[in-house]
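The numbers here are math on the coordinates, done by the rules we state, and not lab data. Keep in mind it's a predicted model, so treat the numbers as computed, not measured. No Cβ is skipped: glycine too gets one built from the backbone with ideal geometry, and neighbour counts run over all protein chains shown.
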Amino acid sequence: MSHLPYPHLARDAHQALMLDGYPLSQIADTFGTPTYAYSSAAITQAYQSLTAAFGDRKHQICYAVKANGNLAILALLARLGAGFDIVSGGELARVLKAGGVPGKIVFSGVGKRADEIRYALSVGVGCLNVESQAELARISAIAKDMNLIAPISLRVNPDVDAKTHPYISTGLKDNKFGVPIEQAPDLYRQAARDPHLRIVGIDCHIGSQLIDVRPFAAAAERVLALLDLLVLEGIELHHLDLGGGLGIAYTDEHPPTAADWVSTVVGVIDRHPIARRLPIMLEPGRFLVGPSGVLLSRVEYLKPHKAEGKNFAIIDAAMNDLMRPALYGSVMAIVAVKPDATQPTTTWEIVGPVCETGDFLGHARELALKEGDTVAILGAGAYGFSMASNYNTRGRPAEVLIDSGQAHLIRTRETVESLWANECLAP
Ligand code: LLP
């Protein structure tokens, strides 16, 4: 693809790729490859586009840490005023380490362990987003034991089709997530009677990488219908959390803008006489960090005219560094960092060194490549590093944050010693 779908990426007069004006070839030379590079300005702008769209409307953005949990990125978002959506004790520890405010944290996830609930309550997280009756009972027992009152919300499953990849669709009744919306009134009644629980809100999250606002609006409508039932019973809510899922452009998608998302949701909610007074919460992950990042990788070998005439470009990044193409068949743009006009443009299978046929980063990409060239995989700021593994005993990549014209190393490349640090030889 010739155009660059992200505003923070541009080419200089020599066609060299820059992130926020910083030459990406320099990052590859200084820090090696594979390396993730992120733009602090892109993250800041994405965050501010959402808060600006809300204007004076009461709201809280809780960044979904799972998208990218690097401490420097969490600290940046915390400074901007973000709250956080976490799914584990580990993510909670990261957020606190990065300076996040406990009261602005929501704790989601279907399988919270007792020690994680205890930890969350002890630091005073803003809300536990409860996903089942069994979890509600567990939270109540732990709160009783700790002699405190747990702030809770029920994650309802609105049975709305988010029209996204089945692996990242979460709002259908067949998915493991949330409480079926018909069962929610009963659970709210149970919570309202429980002296160790304080109902603070309601939440839902229907899926990720949505590129249409309509399922989002439909989920909000269902949440409001439930709110009406609860009001009749005298059960009060103090926030409405519509989850994350705001999609981004990877190649030629045309996702809604921040203003489109916010105006659609506010449009639905503010028609409701009670809901209009409640803060709206969103839990975006990908929207805030996805466009900010690239994965830089070098071409190790070219194998033209392999099986069925396919041309393979073997790069030094692999499925363990960026799982999305292998796991979901995601198509992410791949471009040359310094295109070489002397090379012919060829259709390449972009693959990594891992010993799996599924180890590909891109199929049939038109690129002019030679050994040693650097390529950038775009839109890699979300669910890139955070899903990386050490498969094939490969250390995970370095991470660099470009901020005010400087490139800061925010995570060093893993060494092989760090990979076996937890292992012991049997006696
Ligand atoms: N809130 C909850 C409860 C979630 O489960 C998620 C994502 C989010 C918020 C943030 O969703 P986002 O705004 O980033 O779409 N690994 C997949 C995405 C998995 C999303 C899981 N849950 C990918 O690479 O596409």
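Brief remarks follow.
- For the range 108-284, size of Cβ-based charge dipole, Lys and Arg +1, Asp and Glu -1, in debye: 460
- Set of lysines near LYS370 by C-alpha distance (under 25 Å), chain-local residues within fewer than 8 positions excluded: LYS303, LYS306, LYS310, LYS338
- Residue-averaged 222 nm ellipticity for the chain, from DSSP H runs of 4+ at -39500 (n - 2.57), nearest 500: -8000 deg cm²/dmol
- Debye, to nearest 20: dipole size of the range 304-365, +1 on Lys, Arg Cβ, -1 on Asp, Glu Cβ: 180
- When the Gaussian network model of the chain links Cα atoms closer than 10 Å, the mean-square fluctuations of LEU210, LEU232, LEU80 top out at LEU232.
- Axis angle, to the nearest 10 degrees, between helix 133-146 and the longest C-alpha principal axis of the chain: 80 degrees.
- Separation of the range 99-129 from the range 20-97 is 20 Å, based on Cα centroids.
- Summing Cβ point charges (Lys, Arg +1; Asp, Glu -1) relative to the Cα centre of the chain gives a dipole of roughly 620 debye.
- The range 108-284: antiparallel DSSP beta bridges as a percent of all, rounded to 5: 5
- Crossing angle, helix 71-80 versus the chain [Cα axis fit, 0-90 degrees, rounded to tens]: 50
- Pairwise Cα separations in the chain fall into 20 Å bins from 0 onward with the following percentages, short to long: 26, 52, 20, 1.
- Calculated FRET value between VAL416 and ALA16, using beta carbons and R₀ = 22 Å, to 0.05: 0.10
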